[in-house]
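K.L.:
Dropping a structure here in C-alpha coordinates format, bear with me for questions.
The values are calculated or read from the model by the stated rules, or taken from the named source; none is laboratory data. As the structure is a computational prediction, the values presented were derived from the model and not from experiment. We place every Cβ from the backbone using ideal geometry, glycine too, and count neighbours over all the protein chains shown.
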Amino acid sequence: MTPLILATCDTNDRQYYLGRAYARAIEHAGGALALALPSAAPSAAALIEGADGLFLTGGDDIHPRHYGEEIAPYYDGTIDEPRYELERALIAGALAKQIPIFGICLGLQSLNVYFGGTLHQDIRAQLPGALPHTLPAGAPRDTLAHPVAIREETRLAAIVGTGTIRVNSIHHQGIKRLAPNLLAAALAPDGLVEAVENPSYPFLLAVQWHPEELTAINPRWKKLFAAFVDATKNRP
Ligand code: MN
(Lines give C-alpha, C1' and ligand atoms only; values in the text may rest on other atoms or scores of the structure.)
Protein backbone atom coordinates (compact mmCIF):
# COMPACT_ATOMS: atom_id res chain seq x y z
CA MET A 1 0.00 0.00 0.00
CA THR A 2 1.19 3.52 -0.74
CA PRO A 3 2.00 5.27 2.53
CA LEU A 4 0.25 8.57 3.18
CA ILE A 5 2.68 11.31 4.15
CA LEU A 6 1.22 14.34 5.88
CA ALA A 7 3.19 17.48 4.95
CA THR A 8 3.19 21.04 6.17
CA CYS A 9 3.43 23.71 3.50
CA ASP A 10 4.54 27.26 2.91
CA THR A 11 2.37 30.35 2.58
CA ASN A 12 2.38 33.89 1.29
CA ASP A 13 -0.38 36.49 1.41
CA ARG A 14 -2.20 34.82 -1.50
CA GLN A 15 -1.82 31.09 -1.12
CA TYR A 16 -0.65 27.97 0.64
CA TYR A 17 1.77 26.00 -1.47
CA LEU A 18 4.20 23.11 -1.47
CA GLY A 19 7.28 23.39 -3.69
CA ARG A 20 7.15 20.82 -6.49
CA ALA A 21 10.60 19.52 -5.58
CA TYR A 22 9.35 18.30 -2.18
CA ALA A 23 6.40 16.54 -3.77
CA ARG A 24 8.49 15.00 -6.52
CA ALA A 25 11.06 13.65 -4.07
CA ILE A 26 8.43 12.02 -1.85
CA GLU A 27 6.43 10.69 -4.80
CA HIS A 28 9.52 9.22 -6.49
CA ALA A 29 10.26 7.44 -3.22
CA GLY A 30 6.80 5.89 -3.31
CA GLY A 31 4.79 8.06 -0.94
CA ALA A 32 1.52 9.92 -1.43
CA LEU A 33 1.28 13.43 0.01
CA ALA A 34 -1.50 15.23 1.85
CA LEU A 35 -1.13 18.81 3.03
CA ALA A 36 -2.02 20.02 6.51
CA LEU A 37 -3.06 23.69 6.70
CA PRO A 38 -2.68 25.75 9.88
CA SER A 39 -6.45 25.89 10.45
CA ALA A 40 -6.29 22.13 11.00
CA ALA A 41 -4.07 22.48 14.09
CA PRO A 42 -6.93 21.62 16.50
CA SER A 43 -7.54 18.46 14.42
CA ALA A 44 -3.88 17.45 14.32
CA ALA A 45 -4.49 14.18 16.16
CA ALA A 46 -7.16 13.14 13.66
CA LEU A 47 -4.89 14.03 10.73
CA ILE A 48 -2.03 12.05 12.21
CA GLU A 49 -4.38 9.13 12.81
CA GLY A 50 -4.73 8.77 9.04
CA ALA A 51 -1.05 9.35 8.26
CA ASP A 52 1.92 7.01 7.97
CA GLY A 53 4.56 9.73 8.23
CA LEU A 54 5.02 13.43 9.01
CA PHE A 55 7.02 15.63 6.62
CA LEU A 56 7.92 19.08 7.96
CA THR A 57 8.97 21.29 5.04
CA GLY A 58 10.57 24.74 4.76
CA GLY A 59 8.83 27.99 5.58
CA ASP A 60 8.92 31.20 7.56
CA ASP A 61 10.28 31.66 11.06
CA ILE A 62 9.19 30.50 14.51
CA HIS A 63 8.40 33.28 16.98
CA PRO A 64 11.36 33.42 19.40
CA ARG A 65 9.01 33.34 22.41
CA HIS A 66 8.73 29.61 21.75
CA TYR A 67 12.37 29.29 22.79
CA GLY A 68 12.30 31.87 25.56
CA GLU A 69 13.50 34.93 23.66
CA GLU A 70 12.14 38.27 22.55
CA ILE A 71 12.45 39.40 18.94
CA ALA A 72 16.02 40.70 18.61
CA PRO A 73 16.65 44.22 17.25
CA TYR A 74 18.59 42.79 14.31
CA TYR A 75 15.85 40.32 13.42
CA ASP A 76 14.82 40.74 9.81
CA GLY A 77 12.51 37.96 8.72
CA THR A 78 8.91 36.82 8.61
CA ILE A 79 7.26 35.01 11.51
CA ASP A 80 4.54 32.48 10.75
CA GLU A 81 2.85 31.85 14.07
CA PRO A 82 -0.01 29.63 12.78
CA ARG A 83 2.54 27.42 11.04
CA TYR A 84 4.45 26.64 14.24
CA GLU A 85 1.22 26.07 16.16
CA LEU A 86 0.32 23.50 13.51
CA GLU A 87 3.76 21.88 13.48
CA ARG A 88 3.82 21.64 17.26
CA ALA A 89 0.46 19.85 17.29
CA LEU A 90 1.49 17.54 14.44
CA ILE A 91 4.83 16.68 16.07
CA ALA A 92 3.05 15.83 19.33
CA GLY A 93 0.57 13.62 17.48
CA ALA A 94 3.28 11.92 15.43
CA LEU A 95 5.37 11.18 18.52
CA ALA A 96 2.34 9.74 20.29
CA LYS A 97 1.67 7.46 17.32
CA GLN A 98 5.40 6.76 16.79
CA ILE A 99 5.25 7.47 13.05
CA PRO A 100 8.36 8.55 11.10
CA ILE A 101 9.17 12.27 11.07
CA PHE A 102 11.36 13.94 8.44
CA GLY A 103 12.16 17.66 8.58
CA ILE A 104 13.74 20.03 6.09
CA CYS A 105 14.97 23.58 6.87
CA LEU A 106 12.21 25.10 9.06
CA GLY A 107 11.25 21.50 9.81
CA LEU A 108 14.62 20.97 11.52
CA GLN A 109 14.20 24.21 13.45
CA SER A 110 10.66 23.28 14.53
CA LEU A 111 11.85 19.94 15.88
CA ASN A 112 14.74 21.58 17.75
CA VAL A 113 12.42 24.16 19.34
CA TYR A 114 9.77 21.55 20.08
CA PHE A 115 12.30 19.48 22.02
CA GLY A 116 13.61 22.46 23.98
CA GLY A 117 16.45 23.84 21.86
CA THR A 118 16.96 27.43 20.72
CA LEU A 119 17.70 29.17 17.41
CA HIS A 120 19.92 31.94 16.14
CA GLN A 121 17.38 34.56 15.09
CA ASP A 122 19.82 35.69 12.44
CA ILE A 123 23.01 33.77 11.71
CA ARG A 124 24.77 36.72 10.09
CA ALA A 125 24.12 39.01 13.06
CA GLN A 126 24.90 36.45 15.75
CA LEU A 127 27.75 34.51 14.17
CA PRO A 128 29.89 37.07 12.34
CA GLY A 129 32.42 34.39 11.32
CA ALA A 130 29.80 32.06 9.86
CA LEU A 131 29.75 30.97 6.24
CA PRO A 132 27.02 32.45 4.05
CA HIS A 133 23.92 30.28 4.65
CA THR A 134 21.42 32.28 2.60
CA LEU A 135 20.82 31.96 -1.11
CA PRO A 136 22.39 34.80 -3.14
CA ALA A 137 19.75 36.91 -4.91
CA GLY A 138 18.64 35.24 -8.11
CA ALA A 139 20.63 32.05 -7.53
CA PRO A 140 18.83 28.76 -8.19
CA ARG A 141 17.81 26.70 -5.16
CA ASP A 142 20.24 23.92 -6.05
CA THR A 143 23.28 26.22 -5.74
CA LEU A 144 25.89 24.42 -3.65
CA ALA A 145 26.86 26.78 -0.85
CA HIS A 146 28.98 25.02 1.75
CA PRO A 147 30.09 21.55 2.79
CA VAL A 148 28.62 19.53 5.65
CA ALA A 149 30.52 16.81 7.48
CA ILE A 150 28.29 13.84 8.15
CA ARG A 151 29.09 12.21 11.46
CA GLU A 152 29.91 8.53 11.59
CA GLU A 153 27.59 6.11 13.32
CA THR A 154 24.50 8.24 12.75
CA ARG A 155 21.32 7.25 10.98
CA LEU A 156 22.10 9.92 8.38
CA ALA A 157 25.48 8.29 7.70
CA ALA A 158 23.85 4.88 7.42
CA ILE A 159 21.55 6.28 4.72
CA VAL A 160 23.77 8.60 2.66
CA GLY A 161 27.28 7.65 3.79
CA THR A 162 29.91 9.55 5.76
CA GLY A 163 32.31 12.20 4.61
CA THR A 164 32.01 15.80 3.56
CA ILE A 165 29.41 16.78 0.99
CA ARG A 166 28.56 20.17 -0.48
CA VAL A 167 24.95 21.21 0.02
CA ASN A 168 22.69 24.12 -0.78
CA SER A 169 21.80 26.57 1.99
CA ILE A 170 18.62 28.66 2.12
CA HIS A 171 18.30 29.64 5.77
CA HIS A 172 19.00 32.80 7.76
CA GLN A 173 18.31 31.07 11.09
CA GLY A 174 19.86 27.96 12.57
CA ILE A 175 20.31 25.93 15.72
CA LYS A 176 21.88 27.85 18.60
CA ARG A 177 21.41 25.30 21.41
CA LEU A 178 20.68 21.76 20.34
CA ALA A 179 17.69 20.18 22.09
CA PRO A 180 18.77 17.66 24.73
CA ASN A 181 17.35 14.58 23.02
CA LEU A 182 18.61 15.42 19.54
CA LEU A 183 21.96 14.35 18.14
CA ALA A 184 23.93 16.48 15.68
CA ALA A 185 24.32 14.29 12.59
CA ALA A 186 26.03 16.83 10.30
CA LEU A 187 28.01 20.01 10.89
CA ALA A 188 29.00 22.91 8.63
CA PRO A 189 32.68 23.98 8.85
CA ASP A 190 31.60 27.01 10.92
CA GLY A 191 30.16 24.68 13.55
CA LEU A 192 26.51 25.13 12.68
CA VAL A 193 24.43 21.98 13.18
CA GLU A 194 23.02 21.10 9.76
CA ALA A 195 21.29 17.77 10.54
CA VAL A 196 19.69 16.26 13.62
CA GLU A 197 18.21 12.94 14.58
CA ASN A 198 16.77 11.18 17.60
CA PRO A 199 18.48 7.80 17.83
CA SER A 200 15.95 6.38 20.29
CA TYR A 201 12.88 7.12 18.11
CA PRO A 202 11.89 4.81 15.23
CA PHE A 203 12.67 7.47 12.56
CA LEU A 204 13.24 11.13 13.32
CA LEU A 205 15.65 12.94 11.03
CA ALA A 206 15.95 16.54 9.85
CA VAL A 207 18.33 18.51 7.68
CA GLN A 208 18.92 22.24 7.39
CA TRP A 209 19.69 22.13 3.67
CA HIS A 210 17.28 21.28 0.84
CA PRO A 211 17.98 17.74 -0.44
CA GLU A 212 14.75 17.84 -2.48
CA GLU A 213 16.50 20.32 -4.82
CA LEU A 214 19.64 18.17 -5.14
CA THR A 215 18.38 14.72 -6.16
CA ALA A 216 19.44 15.28 -9.78
CA ILE A 217 22.93 16.52 -8.80
CA ASN A 218 23.72 13.83 -6.26
CA PRO A 219 21.77 10.56 -6.17
CA ARG A 220 22.55 10.06 -2.50
CA TRP A 221 19.80 12.55 -1.63
CA LYS A 222 17.22 10.27 -3.22
CA LYS A 223 18.24 7.73 -0.61
CA LEU A 224 17.21 10.10 2.13
CA PHE A 225 13.63 10.33 0.83
CA ALA A 226 13.61 6.58 0.16
CA ALA A 227 14.70 5.87 3.74
CA PHE A 228 11.91 8.08 5.11
CA VAL A 229 9.20 6.60 2.89
CA ASP A 230 10.46 3.05 3.57
CA ALA A 231 10.25 3.77 7.29
CA THR A 232 6.63 4.87 6.88
CA LYS A 233 5.91 1.54 5.18
CA ASN A 234 7.69 -0.59 7.73
CA ARG A 235 6.45 0.86 10.98
CA PRO A 236 6.88 -1.20 14.14
MN1 MN B 1 23.59 26.06 5.72
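K.L.:
Taking PRO199 and the conditions (1) surrounded by fewer than 24 Cβ atoms within 10 Å (Cβ to Cβ); (2) of a type outside the set (S, T, N, Q); (3) in contact (Cβ under 8 Å) with a residue 60 or more places away in the chain; (4) over 20 Å from THR143 (Cβ atoms), which numbered condition does it fall short on, given that it satisfies the others?
P.N.:
Only one criterion is unmet by PRO199, namely (3).
K.L.:
Within segment 203-236, how many residues are touching a helix residue (DSSP H, G or I) at 6+ places or on another chain (Cβ under 7 Å), over 23 Å from HIS146 (Cβ atoms) and surrounded by fewer than 24 Cβ atoms within 10 Å (Cβ to Cβ)?
P.N.:
2
K.L.:
Is segment 30-52 home to any residue that is closer than 21 Å to ILE170 by Cβ, touching a Leu at 6+ places or on another chain (Cβ under 7 Å) and surrounded by fewer than 18 Cβ atoms within 10 Å (Cβ to Cβ)?
P.N.:
yes
K.L.:
For residues in segment 2-15 being surrounded by 14 or more Cβ atoms within 10 Å (Cβ to Cβ) and not charged (D, E, K, R), which is farthest from ILE99 (Cα to Cα)?
P.N.:
Ranking the qualifying residues of segment 2-15, first place goes to THR11.
K.L.:
Identify the single condition in (1) over 19 Å from HIS66 (Cα atoms); (2) surrounded by 20 or more Cβ atoms within 10 Å (Cβ to Cβ); (3) out of contact with any strand residue (DSSP E or B) (no Cβ under 9 Å at 6 or more places or on another chain) that ILE99 does not satisfy, given that it satisfies every other one.
P.N.:
(3)
K.L.:
Could you identify the single residue in ASP52, ASP61 that is within 17 Å of LYS97 (Cβ to Cβ), modelled with pLDDT of 95 or more, in contact with a Ser or Thr (Cβ under 8 Å, 6 or more places away or on another chain) and of a type in the set (Asp, Glu)?
P.N.:
Result: ASP52 is the single residue among ASP52, ASP61 that is within 17 Å of LYS97 (Cβ to Cβ), modelled with pLDDT of 95 or more, in contact with a Ser or Thr (Cβ under 8 Å, 6 or more places away or on another chain) and of a type in the set (Asp, Glu).
Matching residues to (1) in contact with a strand residue (DSSP E or B) (Cβ under 8 Å, 6 or more places away or on another chain); (2) among the small types (Gly, Ala, Ser):
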residue: THR118; (1), (2): yes, no
residue: ARG124; (1), (2): no, no
residue: PRO132; (1), (2): yes, no
residue: ALA139; (1), (2): no, yes
residue: ASP142; (1), (2): no, no
residue: PRO147; (1), (2): yes, no
residue: ARG166; (1), (2): yes, no
residue: GLN173; (1), (2): yes, no
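K.L.:
Sticking with this one: Quick one: in segment 137-151, of everything that is in a loop (DSSP other than H, G, I, E, B) and small (Gly, Ala, Ser), which residue is nearest to ALA21 (Cα to Cα)?
P.N.:
This residue is ALA139.
K.L.:
Hey, among the residues in segment 152-172 that are more than 18 Å from the chain's Cα centre (by Cα) and assigned to a loop (DSSP other than H, G, I, E, B), which one's farthest from the ligand (Cβ to nearest atom)?
P.N.:
Checked segment 152-172; the qualifying residue farthest from the ligand (Cβ to nearest atom) is GLU153.
K.L.:
Shifting gears a bit: Quick one: which residue in GLY68, GLY93 is of a type in the set (Gly, Ala, Ser) and either touching a His at 6+ places or on another chain (Cβ under 6 Å) or surrounded by 14 or more Cβ atoms within 10 Å (Cβ to Cβ) (or both)?
P.N.:
GLY93
K.L.:
Got a sec? Which strands (runs of 3 or more DSSP E) wholly within segment 173-236 have at least 3 residues that are under 18 Å from LEU119 (Cβ atoms) and within 16 Å of the ligand (Cβ to nearest atom)?
P.N.:
Here the list reads 174-177, 183-187, 193-197.
K.L.:
Right, something else. Exactly one of (1) at pLDDT 95 or above; (2) within 14 Å of the ligand (Cβ to nearest atom) is unmet by PRO136. Its number?
P.N.:
(1)
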